[in-house]
1. Residues in segment 129-144: is at least one closer than 23 Å to I198 by Cα, in a helix (DSSP H, G or I) and in the same structural domain as G181 (by TED's automatic domain parsing)?
2. Of all residues in segment 198-213, how many are outside any helix (DSSP H, G or I) and either surrounded by 22 or more Cβ atoms within 10 Å (Cβ to Cβ) or not assigned by TED's automatic domain parsing to the domain that holds S44 (or both)?
3. Only residues that are within 12 Å of ligand 2 (Cβ to nearest atom) and surrounded by fewer than 19 Cβ atoms within 10 Å (Cβ to Cβ): list them for segment 23-46, please.
4. Which of (1) closer than 19 Å to V165 by Cα; (2) more than 12 Å from ligand 1 (Cβ to nearest atom); (3) under 21 Å from the mean Cα position of the chain (by Cα) is the odd one out, the single condition F96 does not satisfy?
5. For segment 232-252, what are the residues that are farther than 13 Å from V217 by Cα, surrounded by fewer than 17 Cβ atoms within 10 Å (Cβ to Cβ) and aliphatic (A, V, I, L, M)?
6. Of the residues that sit in segment 209-248 and are within 14 Å of the chain's Cα centre (by Cα) and either of a type in the set (D, E) or within 15 Å of ligand 1 (Cβ to nearest atom) (or both), which one is nearest to I267 (Cα to Cα)?
7. Check off (1) away from ligand 2 (no atom under 16 Å from the Cβ); (2) part of a loop (DSSP other than H, G, I, E, B); (3) modelled with pLDDT of 95 or more for F97 and give me the number that stays unchecked.
Amino acid sequence: MYIGTSKLTHTYWPGTPFAADALKNISFSVGQGTFTLLIGPSGSGKTTLIQHLNGLLKPSAGEVYFDGKKIGPDKAALLALRRRVGLVFQMPEDQFFSETVFDEIAYAPRNLGLDEKKVEERVNRAVAQVGLERSRLLDRHPFQLSAGQKRRVAIASVLSLEPEVLILDEPAAGLDPEGKGNLLNLLSSLNRAGKITIMVSTHHLDEIAALADNLVVLNEGGLVMSGKTKEILARGAELKELGLALPQVTGIMHELAARGLPVSTDIYSLSAACDEILQAKRADQR
Ligand SMILES: Nc1ncnc2c1ncn2[C@@H]1O[C@H](COP(=O)(O)OP(=O)(O)OP(=O)(O)O)[C@@H](O)[C@H]1O
Ligand SMILES: [Mg+2]
């Protein structure tokens, strides 16, 4: 098992009147190099699950695995794990603490004890990966950036650890459509060209579904569905019952098919939808 859990349960405030199971008996696994979307309504347990995958929380019951090994309490092993599994928190810019963008991105490699030349190489590489290399922002205060730039800096500050897995908790929250489109392109290229295993949480399905190999669906702390994107999105009625709408473009394809246009309905991206509609139109003209 590359990344996964076996019967993972997490109880906040155990043994007190506030005790509540945020995760119940969760088992799933995803392979190396894949792109996985963790979806579920607010409060379904996404952030809690993500924190387990990086060893930030201890299971109340069950196990969490990375690269074939159980994640345990050993401190040295946890530090090694966090170098390999990078976590970008929900609204990460709230946690910036350095005076400059450079120092923010350099924090993790400096912490590894690398010399300043190597640190600079790591920062330059991470900045190029997130597409900020020509922006001359490195000397600015992180709070002087736009929302999209801040998000890129937060991602670069994790990429500077050169992780093999990148987990992002609601990375598109608060971005405008252009910032969101840029973010999706970045995640797609990190996964495809950079060969980084990616897991992203979100509470709604939209264009990002087109990037995902797998979906893991949580509801009220339980795992309700997990599998290939196509298979899960074919279960539109069940998703709707959970308050999870299909991607808008998929809804349009369903509507067109219902109105008699011979189009496929398992379409999740705008470009695939355009191709499909043009093809149906050409077939109609023949
Ligand atoms: N530190 C905490 N102490 C007690 N309960 C918590 C804590 N963090 C989360 N919970 C509870 O655990 C459940 C799952 O929360 P979690 O933050 O994992 O959900 P989520 O799916 O990430 O939600 P959102 O989409 O709003 O970010 C919720 O009922 C929440 O109230
Ligand atoms: Mg959350």
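The values are calculated or read from the model by the stated rules, or taken from the named source; none is laboratory data. Values in this document were obtained by computation on a predicted structure and should not be read as measured data. No Cβ is skipped: glycine too gets one built from the backbone with ideal geometry, and neighbour counts run over all protein chains shown.
1. Among the residues of segment 129-144, at least one is closer than 23 Å to I198 by Cα, in a helix (DSSP H, G or I) and in the same structural domain as G181 (by TED's automatic domain parsing), which makes the answer yes.
2. Summing the residues that are outside any helix (DSSP H, G or I) and either surrounded by 22 or more Cβ atoms within 10 Å (Cβ to Cβ) or not assigned by TED's automatic domain parsing to the domain that holds S44 (or both) in segment 198-213 gives 6.
3. Once the filter is applied, which keeps residues that are within 12 Å of ligand 2 (Cβ to nearest atom) and surrounded by fewer than 19 Cβ atoms within 10 Å (Cβ to Cβ), segment 23-46 yields P41, S42, G43.
4. The one condition F96 does not meet is (1).
5. Once the filter is applied, which keeps residues that are farther than 13 Å from V217 by Cα, surrounded by fewer than 17 Cβ atoms within 10 Å (Cβ to Cβ) and aliphatic (A, V, I, L, M), segment 232-252 yields A234, A237.
6. That would be D213.
7. (3)
Residues checked against (1) in contact (Cβ under 8 Å) with a residue 60 or more places away in the chain; (2) under 30 Å from Q144 (Cβ atoms); (3) in contact with a Cys (Cβ under 7 Å, 6 or more places away or on another chain); (4) outside the structural domain of A128 (by TED's automatic domain parsing):
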{"site": "P14", "(1), (2), (3), (4)": "no, no, no, no"}
{"site": "F18", "(1), (2), (3), (4)": "no, no, no, no"}
{"site": "F35", "(1), (2), (3), (4)": "yes, no, no, no"}
{"site": "I50", "(1), (2), (3), (4)": "yes, yes, no, no"}
{"site": "E63", "(1), (2), (3), (4)": "no, no, no, no"}
{"site": "G68", "(1), (2), (3), (4)": "yes, no, no, no"}
{"site": "K75", "(1), (2), (3), (4)": "no, no, no, no"}
{"site": "L79", "(1), (2), (3), (4)": "no, no, no, no"}
{"site": "M91", "(1), (2), (3), (4)": "yes, yes, no, no"}
